[in-house]
Structures are given as structure tokens and as C-alpha cells.
Amino acid sequence: MARLLLLLLSAACLHSGNSAGYPKKYDYGVDQPAVLSGVQGSSIEIPFSFYFPWNLTKDPQMSIAWRWKNFHGEFIYNSTQPFIHEHFKDRLIMNWTQGQTSGVLRILNFKKNDQATYFGRVLLQTTEGMKVWQSIPGTNLTVTNNTSTPATLPSTTTATPSTHPQTVTTEGMKDEPKSGLDPQTIIVLAVAAAVFLAGVLGLTVFLGWRRKQGQRTKAETPAREPLENSEKRESIGHEGQYMDPTENPKDNNIVYASISLSSPTSPGAAPSLPVQKNPQEETVYSTIKAK
């Protein structure tokens, strides 16, 4: 089982050369990129892999460690303890699983003072004892100032203020109809306004016609009143002239007659006394019957 695992690991880790491009002198080693560069403030990753010819024990107790600055520099990471250097506190992540022969060291918030050479170190237990080896050339990390990208962004917005505002203004003018009322809504509002105006005009005409009808009715009413009054007076006058005498059944041999004069201008009437305050006078005549 151990031999099968060793063959699989060896097949996965065979490389044509080491990280510095030199021909392999040993059948064990650590492969890393020679040079890497990262943007300040971003994260940077150092991939690595290692290989060896020995047979592993049932519990190989693999351990990965990293140094920086030089081959015998300070340790910045150790998976066994575990340990992280104070300079990389909360900024160092190791993506590696026990038993694997490859992984990635990630540095967060890459800074200028992180520029250095980093060396991967491997420790494991074999059937021939504990073996330790380390990358010789290591990986040199450099910081690239991202001045071009921030410089271009402000230059496009501030260095050419005459072009961008014009473009924005033109687009805004084109977009105004889209944000306003659509043609269908405008047509509906126009029809509603026309109907409202027609209703107001019709109401005005109707009120004017009613006003004329009222004036005509008032003009005809005074003309009818004198005619009705005169007719009433004539009827009253005729009734007074042709009033029949009545006989009082209680008085014997005496006949009473009552004549009422109301209109001095009635035809066939006898001359009467001058008209006094009362418009109608009544005269009573009596006749004695002889037996």
C-alpha cells in the first residue's frame, strides 16, 4: 500500500527542472515559481509542490513551513505548531491538506515591505527516518504600484470635463421622452380635456336658454293679469245689475228689492250718484202690496 501511494505521489510530482530552472541534482526537492509580482493592497499566491524517492510510514506526519528574506531566514509559517509571523498576522493563509504534495501560500493585503524571497520547507517521516528539505532558490515577490489604473480613472473624469458632461447631457435629453408620458396616455388626456370643454360649453348654452325663457315668461305674466282683472270686474258688475229681488217670507205685503251698482260704465245703466270711497253701493227698495 505504501509503495502504491509512493508511486502515485512520484508520478504527480515529476518535473523537468526545479523552480530556478536548474537541472535536478537530487531526486527530492520543492518546486516554486522563481518570480511573482502582485498589486499593492491585493492578495498574492505562491503555488508549490514537492517530491521525494522514499517510502512513507503509515503516519508520515507531513509538515510544511515557510521562511522569508533568505535561505536561513525567519520562519513565517509552520503547519505543525501552528505558527504565523507577527508581520503577517491575519494576512497569511495556507491552502494545503495533510497527505498532499502540493498547495498554495496566500498573502492578503500585499504590502511593499512584503517584498522578499520566500522558501518552502518540507518535513515528513519515511521508512528511512525523518527527512527535511527546502527550496534553494525560493520565490521572489515584488510589488507593482497600480498607478496606471487609478491615474486613468481620474483622468477620464476630471481631465476631460468638457466631453463627458456633454455626452451625459445629450443622453439625458434623449431619455427625457422615455421617462415622460407615452403617446397613448397623451391621447387619453387630450380626449378627456375635449370632453370636459364640450360639457362646459353645453352647460353654458343651456343656462343661457333657460335665462331667456324665464325673461319671456315674466314679460307675458303682467299682460295677462289686467285682462283677468277686467273680466272679473265685468262679471261682478253684471251680476249686481241683474240681481233678482227676493221676498222675505216673514214680512207680509212688503216686497224688497236690492240693486247693486259696481260699474258706472256698464251699458244700459241709469245715471247714478258720484262714486264714493266704496267701489260698490247697494240700494234697497221696498214696495207695499195692497190686498
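The values are calculated or read from the model by the stated rules, or taken from the named source; none is laboratory data. Every value quoted in this text rests on a predicted model; they were computed, and no experiment measured them. No Cβ is skipped: glycine too gets one built from the backbone with ideal geometry, and neighbour counts run over all protein chains shown.
Here are the numbers for this structure:
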| read-out | value |
| --- | --- |
| The range 65-103, subset part of a strand (DSSP E or B) and of a type in the set (Gly, Ala, Ser), residue nearest to residue 52 (Cα to Cα) | 102 |
| Residue pairs meeting the criteria (Cβ under 7 Å; at least 6 apart or on separate chains; first closer than 15 Å to residue 43 by Cβ and outside the structural domain of residue 107 (by TED's automatic domain parsing), in the range 77-93; second part of a loop (DSSP other than H, G, I, E, B) and aliphatic (A, V, I, L, M)) | none |
| Failed item, numbered, when residue 49 is tested on (1) hydroxyl-bearing (Ser, Thr, Tyr); (2) without any contact (Cβ under 8 Å) to a residue 40 or more places away in the chain; (3) in a strand (DSSP E or B) | (2) |
| Whichever residue in the range 61-101 is exposed (fewer than 15 other Cβ atoms within 10 Å of the Cβ) and among the polar types (S, T, N, Q) and, among such residues, is farthest from residue 141 (Cα to Cα) | 61 |
| Hey, residue 110 under 53 Å from the mean Cα position of the chain (by Cα) and either part of a strand (DSSP E or B) or not polar (S, T, N, Q) (or both) or not | yes |
| Selection from the range 1-36 of residues that are at pLDDT 95 or above and under 60 Å from the mean Cα position of the chain (by Cα) | 30, 31, 32, 33, 34, 35, 36 |
| Selection count where residues are among the polar types (S, T, N, Q), surrounded by 12 or more Cβ atoms within 10 Å (Cβ to Cβ) and at pLDDT below 95, scope the range 128-159 | 2 |
